[in-house]
Amino acid sequence: MILPAQGSFYASDPHAIPPPSLIDGWRSVRRQSESSGPSPANRNLRNIDVIPGLSYYAYATQILGGLQGANGLSHVQAGLLAGLYAGQLAHPFQSHGWIFQAGRACQALIRSKRYDQMQDGPTKDLYDFAYWTCLQLESDLLAELDLPASGISRAESRISLPKGRFTLALPNEIGAPSTMMMFFYSAQIHLRKVLNRVHTDLYKVERSQNSNAVNLGIATNAAGSALAVNAAIAAITANPSSSTTTQSSPSKYRWTSNVQEILSMNLELWRTSLPEIMKWKDTDPPSKDINVARMRAKYYGARYIIHRPLLYHALHYAELPPNPTSASVESPAGSVLSGSKSQQVSPTLTTNVARLSSDAGMAVHSASPSFLGGSMSTIAYRDLPPKVRRACKVCIDSAILSTEAFDGIEGRPIVTNIFGTAHAQFGNMLVLSATYSSSLSELVDREVLEKLLKRTIKFLLQSRYISPSLRADARILTEIYEKIFGEPATSFSSAYS
């Protein structure tokens with residue numbers, strides 16, 4: 001049975017949605033189909049007859065559809081629940097619709113005159129849970145899809161973090177399941193705030209004509225105050241006279257790697273501040289605990305996108321000094337991906353990278369017509385400045401660890417946004433493949449790349465019947481595998497027939 005395209009997985013007759021009692025009939029139908037094999041009757045089954053929970057979802061969303069504009073706590077929670085269910089079916093646009101609706105209602109719920117007068121207690125704690133859940137779920141979707149935001153992030157600075165002690169039975173024991181759940185929930189909030197700040201500070205083109213003011217504002221947001229910025233930069237660069245302002249340049253905008261370093265430093269400070277029970281080493285095997293796996297995946301994802309602009313710069317814009325001491329080394333993989341868009345990057349990334357300041361120790365030039373056609377820099381890894389070389393390695397290692405984070409979980413991981421998780425892994429593989437096919441190929445081990453491509457294709461194919469986008473992602477990675485390794489990925493060919 002092939003599921004329909006996005007946005008049409010209700011019953012064939014929208015006016016004849018059966019009651020939730022059909023879920024009991026689904027169980028017996030499934031048992032019969034598994035024992036007797038396909039039959040003409042089974043082929044006529046609708047999605048609502050066979051997908052777990054879909055009859056409840058269809059019935060509930062009919063009710064929610066008549067409550068547009070309602071902004072009570074229960075309406076926020078119901079919208080979030082509907083969005084989470086749609087996310088499990090890998091329907092991100094429908095999921096976004098419900099989460100957007102929940103975010104709009106939540107903004108009415110936490111209006112300053114109302115929220116600021118609330119005393120700490122169960123009601124305020126539930127408001128805080130609702131707010132931060134809306135922010136996390138919406139941000140996860142917006143990170144992968146170009147969709148409108150509800151505006152929920154504008155209240156981030158004035159909403160308290162949920163404490164849990166008013167609404168949950170939290171024992172005075174750090175290893176207790178409910179206590180650990182709150183730790184992981186708080187960790188997800190912090191990492192999401194870091195990711196949102198990274199997208200704002202590194203991936204959005206500033207429109208101000210005053211580039212000095214722009215850079216000062218960006219750095220101030222990253223560390224909290226101008227004083228903190230200067231102290232952080234001085235500590236990183238060992239230069240007490242470091243300044244957030246950049247030197248004049250023909251380019252109207254300039255971006256320094258100081259912002260990237262501050263963001264990276266803040267992320268590492270968070271990791272070192274974790275309780276001992278939550279700490280881990282990069283060499284540890286993937287966790288079998290889904291909450292641990294989600295936290296590590298998000299951490300490595302944040303570390304990856306913080307350093308990705310410098311990797312992109314090294315791949316596309318870097319050029320050798322006038323009198324290089326060593327010659328460039330050709331990639332052993334050749335130019336297997338030349339002529340194609342081999343990396344998934346933010347639309348504004350090329351503009352930001354073009355503003356990379358000379359403090360990175362590397363020459364910067366504009367993209368030539370050949371670059372627009374897919375050519376890459378030919379500078380060897382050993383010829384890169386130490387700062388850029390280190391950032392490139394951290395970026396690649398983080399992409400690998402982020403991709404492997406869920407390998408300890410059996411079956412499809414139960415995450416809030418399976419599309420976002422899978423599509424992010426697809427993006428990681430594009431970057432790893434592009435790096436391997438460049439003059440920086442020594443950063444990516446051939447055997448590791450082969451293993452990661454195979455496991456990521458299998459991971460994407462788990463959702464091939466419910467997500468045409470993830471099916472297409474798997475097909476693209478299969479083609480890349482065949483180009484790099486010169487042999488067909490026969491084990492995946494049947495998935496596209």
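For the range 45-60, what are the residues that are without any contact (Cβ under 8 Å) to a residue 40 or more places away in the chain, assigned to a loop (DSSP other than H, G, I, E, B) and either farther than 16 Å from SER95 by Cβ or charged (D, E, K, R) (or both)?
Result: ARG46, PRO52.
If I go through the range 92-113 residue by residue, how many of them are surrounded by fewer than 23 Cβ atoms within 10 Å (Cβ to Cβ) and farther than 16 Å from ILE152 by Cα?
3
With respect to ALA90, determine if the residue is in a loop (DSSP other than H, G, I, E, B) and under 23 Å from the mean Cα position of the chain (by Cα).
Yes.
Output the qualifying pairs, or none if there are none: Cβ atoms under 6 angstrom, residues six or more apart or on different chains, first residue in the range 425-453 and farther than 15 Å from CYS392 by Cα, second residue surrounded by fewer than 21 Cβ atoms within 10 Å (Cβ to Cβ) and of a type in the set (Phe, Trp, Tyr).
none
Take the residues of the range 48-63 that are over 28 Å from the mean Cα position of the chain (by Cα), surrounded by 18 or more Cβ atoms within 10 Å (Cβ to Cβ) and of a type in the set (A, V, I, L, M, F, W, C): which is farthest from LEU81 (Cα to Cα)?
ILE48
Matching residues to (1) of a type outside the set (D, E, K, R); (2) surrounded by fewer than 17 Cβ atoms within 10 Å (Cβ to Cβ); (3) at pLDDT 90 or above:
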{"residue": "LEU145", "(1), (2), (3)": "yes, yes, yes"}
{"residue": "ILE152", "(1), (2), (3)": "yes, no, yes"}
{"residue": "GLY164", "(1), (2), (3)": "yes, no, no"}
{"residue": "GLY175", "(1), (2), (3)": "yes, yes, no"}
{"residue": "MET180", "(1), (2), (3)": "yes, no, yes"}
{"residue": "LEU191", "(1), (2), (3)": "yes, no, yes"}
{"residue": "LEU202", "(1), (2), (3)": "yes, no, no"}
{"residue": "GLN209", "(1), (2), (3)": "yes, yes, no"}
{"residue": "ALA213", "(1), (2), (3)": "yes, yes, no"}
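Return the residues of the range 164-177 that are touching a residue at least 12 places away in the same chain (Cβ under 8 Å) and within 17 Å of PRO275 (Cα to Cα); say none if nothing qualifies.
Answer for the range 164-177, where residues must be touching a residue at least 12 places away in the same chain (Cβ under 8 Å) and within 17 Å of PRO275 (Cα to Cα): LEU170, ILE174, GLY175.
Taking the range 396-439 on its own, how many of its residues are of a type in the set (Gly, Ala, Ser) and closer than 24 Å to LEU141 by Cβ?
The total comes to 9.
Out of all the residues in the range 254-288, which are touching a residue at least 24 places away in the same chain (Cβ under 8 Å), acidic (Asp, Glu) and either in contact with a His (Cβ under 8 Å, 6 or more places away or on another chain) or part of a helix (DSSP H, G or I) (or both)?
Within the range 254-288, just GLU261 meets the criteria.
Of all residues in the range 376-412, which are more than 25 Å from SER264 (Cα to Cα), touching a Phe, Trp or Tyr at 6+ places or on another chain (Cβ under 9 Å) and among the small types (Gly, Ala, Ser)?
Selection gives SER377 alone.
Which numbered condition in (1) modelled with pLDDT of 50 or more; (2) more than 28 Å from ALA130 (Cβ to Cβ); (3) crowded, with 16+ Cβ neighbours inside 10 Å is the only one that TYR253 fails?
Result: TYR253 passes all but (1).
Does ILE110 satisfy the criteria of being modelled with pLDDT under 95 and within 19 Å of SER139 (Cα to Cα)?
In short, yes.
If only one of ILE189, ILE174 is under 22 Å from the mean Cα position of the chain (by Cα) and under 30 Å from ILE418 (Cα atoms), which one is it?
Within the list ILE189, ILE174, the selection yields ILE189.
Of the conditions (1) touching a Pro at 6+ places or on another chain (Cβ under 8 Å); (2) within 26 Å of ARG296 (Cα to Cα), GLU482 satisfies every one except a single condition; which number is it?
All conditions are met except number (2).
For the range 139-165, what are the residues that are within 16 Å of ASN71 (Cβ to Cβ) and not aliphatic (A, V, I, L, M)?
Answer for the range 139-165, where residues must be within 16 Å of ASN71 (Cβ to Cβ) and not aliphatic (A, V, I, L, M): SER150, GLY151.
Can you find, within the range 64-87, the residue that is nearest to the chain's Cα centre (by Cα) among those that are part of a helix (DSSP H, G or I) and among the polar types (S, T, N, Q)?
The qualifying residue nearest to the chain's Cα centre (by Cα) is GLN77.
The values are calculated or read from the model by the stated rules, or taken from the named source; none is laboratory data. Keep in mind it's a predicted model, so treat the numbers as computed, not measured. All Cβ positions, glycine included, derive from the backbone under ideal geometry; neighbour counts span all protein chains shown.
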